[in-house]
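The values are calculated or read from the model by the stated rules, or taken from the named source; none is laboratory data. Everything numeric here is computed off the predicted structure, so don't read it as measured data. Cβ coordinates were reconstructed from backbone atoms using ideal geometry, including for glycine residues, and neighbour counts include every protein chain displayed. Keep in mind that these areas ignore ligands, DNA and RNA; they rest on the heavy atoms of the full protein, side chains included. Shrake-Rupley method; radii C 1.70, N 1.55, O 1.52, S 1.80 Å.
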Amino acid sequence: MRTIGNVLWSLLAGLWLAIAYVLAGIVACVLIVTIPFGIASFRLAGYVVWPFGRTVVVLRDAGFWSVIGNIVWILVVGWGLALAHLVAGALLCVTIIGIPFGIACWKMVPLALLPLGSRVVPIDNGTRDPYGMPVAPR
């Protein structure tokens with residue numbers, strides 16, 4: 001089921017959003033100082049093109065520099081990527097079939113604004129809760 005969702009997502013919005021993230025990553029890699037932003041953008045492009053079956057974990061001990069980096073990110077490219085997610089989500093919600101994809105697109109807005117200090121991890125078929133709580137064995 002995840003594969004079907006990912007294929008539909010990629011065709012409807014994922015590919016276009018991933019292209020936006022790759023372009024932001026290329027722009028960020030122009031300067032040596034902003035290469036970490038480019039790496040974060042490329043990492044998010046992979047997540048945006050194939051999101052189902054993965055989740056985002058926020059690292060609480062990311063530190064001061066992640067906060068500063070996120071502020072710079074928002075000012076430079078984050079607002080544009082967040083706006084792209086909002087517009088794509090609204091367009092997806094026009095049809096009944098697209099509503100779940102539109103909601104998933106809107107859930108990615110915080111990640112588009114604050115990518116530093118977060119990590120994309122796979123979901124392990126229900127054996128591990130994405131929020132860190134232990135799951136009872138089946």
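Taking the criterion of being among the polar types (S, T, N, Q) and either crowded, with 20+ Cβ neighbours inside 10 Å or modelled with pLDDT of 90 or more (or both), would at least one residue in the stretch 7-17 satisfy it?
No, because not a single residue in the stretch 7-17 is among the polar types (S, T, N, Q) and either crowded, with 20+ Cβ neighbours inside 10 Å or modelled with pLDDT of 90 or more (or both).
Do we find that residue 47 is within 16 Å of residue 114 (Cβ to Cβ), assigned to a helix (DSSP H, G or I) and touching a Ser or Thr at 6+ places or on another chain (Cβ under 8 Å) in this structure?
no
Somewhere in the stretch 19-26, is a residue under 25 Å from residue 97 (Cβ atoms), open to solvent by less than 70 Å² (accessible area, probe 1.4 Å) and assigned to a helix (DSSP H, G or I)?
yes
Only residues that are assigned to a helix (DSSP H, G or I) and either in contact with a strand residue (DSSP E or B) (Cβ under 9 Å, 6 or more places away or on another chain) or among the charged types (D, E, K, R) (or both): list them for the stretch 74-109, please.
Within the stretch 74-109, 107 is the sole residue that qualifies.
I want to confirm something. Restricting to the stretch 110-127 and keeping residues that are part of a helix (DSSP H, G or I) and touching a residue at least 12 places away in the same chain (Cβ under 8 Å), which single residue is nearest to residue 72 (Cα to Cα)?
Residue satisfying both the conditions and the ranking: 113.
Could you please let me know if residue 52 is in contact with a Gly (Cβ under 6 Å, 6 or more places away or on another chain), part of a loop (DSSP other than H, G, I, E, B) and open to solvent by 60 Å² or more (accessible area, probe 1.4 Å)?
Considered against the rule, which asks whether it is in contact with a Gly (Cβ under 6 Å, 6 or more places away or on another chain), part of a loop (DSSP other than H, G, I, E, B) and open to solvent by 60 Å² or more (accessible area, probe 1.4 Å), residue 52 comes out as yes.
Working carefully through the options 69, 89, 63, find the one that is open to solvent by less than 80 Å² (accessible area, probe 1.4 Å), small (Gly, Ala, Ser), at pLDDT 90 or above and out of contact with any Lys or Arg (no Cβ under 6 Å at 6 or more places or on another chain).
That would be 89, the only listed residue that is open to solvent by less than 80 Å² (accessible area, probe 1.4 Å), small (Gly, Ala, Ser), at pLDDT 90 or above and out of contact with any Lys or Arg (no Cβ under 6 Å at 6 or more places or on another chain).
Where residues in the stretch 27-40 are open to solvent by less than 20 Å² (accessible area, probe 1.4 Å) and out of contact with any Leu (no Cβ under 8 Å at 6 or more places or on another chain), which of them is modelled with the lowest pLDDT?
28
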